[in-house]
Structures are given as C-alpha cells and as structure tokens.
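Only one structure is covered here, and it is reproduced in the block below.
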Amino acid sequence: MIMAFSGFALIGAIVLAGWAVRRWAGLPENAEAVFGRLVYLVLAPCLLFTGVATADLHLLFSEPLIISTAAAFVCFGLFAVVVRRLDRGATILGAMASGYTNANYIGIPVATYVLGDATLVVPIVMLQLLFLAPVTLALLEVVTTGHASWRAAVAGPLRNPLIVAVLLGMVVSVTGISLPAVIADPIDTIGQAAVPVVLITFGMSLSGTRVLGPGPERFATIVAVVLKTVAMPLAAFLLAVAVGLSRDETYAVTVLAALPTAQNVFLHAQRFNAGLILIRDTILLSTICCVPVMLLLAVVFAR
C-alpha cells in the first residue's frame with residue numbers, strides 16, 4: 001500500500017507541476033498541443049516499442065486481458081442500454097468512453113509507479129489500438145456518413161505511430177532480434193521521457209477547464225464516468241475472483257480497469273464532430289475520479 005500511495009503522490013506532484021506551469025508560466029496558447037504531439041509522434045512510440053519488444057506476448061492470450069476486455073464490453077453495453085437520447089455517433093462515442101481505458105498516457109504511469117511493472121498495460125494497449133479503435137472508427141464512419149471504406153478502416157491504423165511501434169515491437173519480440181545498443185539505447189532513453197511529459201501535459205490541460213454545463217449530454221456524461229470509474233473496476237474484480245486469479249493479478253486488473261477514459265476518444269469525437277462535450281467532460285471527470293477509486297483499491301487490497 002505504501003508503494004501505491006507513493007506512486008499516486010509522485011503522479012500528483014508531476015500533474016500539479018503541469019497545472020502550475022500552465023497557469024503562471026506564460027506559455028504559448030498551443031503549448032499543450034505541441035507537447036501532446038511530441039508524445040504521440042515520438043515519446044510514446046519509443047516507450048511502447050521497448051515495452052512490447054521485451055514483453056511476453058503470451059500475455060495477449062492471458063486471463064487478465066480476457067477479464068479486462070470483458071469488463072470493458074460490459075460497460076459498452078450498459079451505456080447503450082441506459083442512455084437513449086443521443087444521436088448514434090454520440091452514443092457510440094459515449095459507450096467507447098465508458099470502457100476504453102487510458103492505458104497509454106495514464107496507464108503507463110500507474111503501472112510504473114503503483115503496480116511496479118509498466119508492461120502490465122502493454123496487452124491492453126495492443127488490444128485497444130489493434131482491435132477496438134479500428135472497429136469503432138468503422139462504426140462511426142457508417143453512422144455519420146452512411147457508408148464505410150473498409151480499406152481506410154484497415155489502412156488507417158497503420159498511419160498511427162503508436163500502432164506502428166507496437167507492431168515493430170511484436171516483430172522484435174517474436175523473432176528474437178537483438179538490436180544493437182546504438183539503436184536500442186536512444187529509443188529506450190527517449191521512451192523514458194514519455195511518462196513525465198504526459199503527466200505535465202495533462203496537468204496543463206486542467207487549468208481553466210469547466211465541466212458539466214447545462215445541456216442534454218450532462219446525464220450521459222455522468223453515466224459514462226460512473227461506468228468507467230466504478231462499474232468497470234467492479235466488473236473486473238468480480239470476474240477475476242470468479243476465474244480464480246491470484247491476489248496480485250486481481251489487484252492489477254482491477255486497478256487498470258479503474259483507469260480513466262482515453263484521450264484518443266476525444267480525437268475520434270473531433271474527427272466525426274460528434275459528442276464533443278460528452279467526451280471532453282468524461283475524460284476530465286473520469287481522470288479526477290479515478291484517483292480516489294485507486295487509492296481505495298490500494299487500501300482494500302492491502303488488508
């Protein structure tokens with residue numbers, strides 16, 4: 001439990017630094033976008049490549065990942081059942097926000113500093129990037145345009161640097177290629193910068209943000225946040241107990257299920273101009289609410 005509290009304290013301190021910098025340092029208006037782009041194009045791909053290249057890919061077929069996936073689909077379905085007054089694009093995005101975990105930008109720091117193993121989130125990242133994201137994008141294209149280009153749905157993910165990094169890491173892991181130090185060391189060093197830069201950037205995004213304004217999407221936002229931060233970890237815990245996972249594995253899947261909604265969902269909302277306020281508020285509130293939930297989990301499992 002001490003490790004968990006120390007991890008959350010470290011994450012909170014870095015996020016607070018980002019908030020303070022944004023509020024008082026007089027940074028340019030596009031500072032967050034620049035940092036976010038840097039993480040997306042360079043830092044996170046290097047971190048993911050290193051993690052996947054050195055990971056045991058049998059984890060993709062492990063019980064913890066199956067449980068994480070099942071808990072996510074429970075929340076996808078519950079949102080669609082409970083919230084009925086949104087247009088189809090917003091409904092798809094709201095369902096996605098209820099179970100699509102920020103396994104990369106927030107999950108990696110939590111796995112690193114709280115669970116003590118950054119590779120625990122790698123299977124979730126791979127599942128979401130290689131399966132959930134392409135399927136969701138195809139569905140959004142159908143409901144917003146009336147047709148879908150399956151060629152674009154397949155080729156689109158290959159233009160995502162995170163997915164490319166994961167695929168290249170898989171090649172290295174499967175083939176057993178040993179990269180020379182002149183290549184591996186710079187990639188590893190650059191990747192280590194991803195976590196603190198992500199947390200600073202997120203802290204910057206919290207400055208001056210207002211949420212849950214009046215409007216038809218307020219109820220949907222509340223439902224999505226409750227599903228993401230309460231229902232999903234509860235479902236993961238119950239499923240883990242049902243299949244008999246070890247205590248450490250149960251703790252890991254439960255904590256990772258409590259991670260907030262991924263920021264990538266907002267990128268999809270922007271692309272299809274659907275559910276923008278719903279997704280923005282869900283990401284922010286789920287990120288704030290996940291902290292006390294994870295602290296509670298640390299206390300419960302410590303006992």
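Rule-based calculations on the coordinates, nothing more; no lab input. If you're wondering where the values come from, they're calculated on a predicted model, not measured in any experiment. Here the Cβ is made from the backbone with ideal geometry for all residues, glycine too, and neighbour counts use every protein chain on show.
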Practice problem: Using the number of other C-beta atoms within 10 angstrom as an exposure proxy, rank 202, 301 with the fewest first. | Solution: 301, 202
Quiz item: Along the charge dipole of the chain, which of 39, 179, 75 sits closest to the positive end, that is, farthest toward it, with unit charges on the beta carbon of Lys, Arg, Asp and Glu (+1, +1, -1, -1)?
Solution: 75
Quiz item: What ranking do 289, 46 get, fewest neighbouring Cβ atoms within 10 angstrom at the top?
Solution: 289, 46
Exercise. Show the residues, 5+ positions off or on another chain, whose built amide H is closer than 5 Å to the amide H of residue 258.
Key: none
Quiz item: What 222 nm value per residue comes from the helices of the chain, counting each DSSP H run with n ≥ 4 as -39,500 (n - 2.57) and dividing by all residues, nearest 500 deg cm²/dmol?
Solution: -22000 deg cm²/dmol
Quiz prompt | Candidates 44, 17, 194, ranked by Gaussian network fluctuation over the chain, Cα under 10 Å, top entry | solution = 17
Quiz item: Residue by residue through the stretch 226-240, which ³J(HN,Hα) values in whole Hz follow from phi under the Karplus form 6.51 cos²θ - 1.76 cosθ + 1.60 (θ = phi - 60°), with glycine and proline marked x?
Solution: 5, 4, 5, 9, 10, 5, 5, x, 5, 5, 5, 4, 5, 5, 5
Quiz item: Rounded to whole Å and sorted largest first, what semi-axes of the equivalent ellipsoid does the C-alpha gyration tensor of the chain yield via the square root of 5 times each eigenvalue?
Solution: 26, 23, 23
Practice problem: Please order 132, 295, 47 by the number of other Cβ within 10 Å, starting at the fewest. | Solution: 295, 132, 47
Quiz item: Taking the Cα centre of the chain as the origin, how large is its charge dipole in debye, to the nearest 20, when only Lys and Arg (+1) and Asp and Glu (-1) carry charge on their Cβ atoms?
Solution: 800
Practice problem: Work out from phi, with θ = phi - 60° and the Karplus expression 6.51 cos²θ - 1.76 cosθ + 1.60, the ³J(HN,Hα) of each residue of the stretch 34-45, listed in order in whole Hz, and give x for Gly and Pro. | Solution: 5, 4, x, 5, 4, 5, 5, 8, 10, 5, 5, x
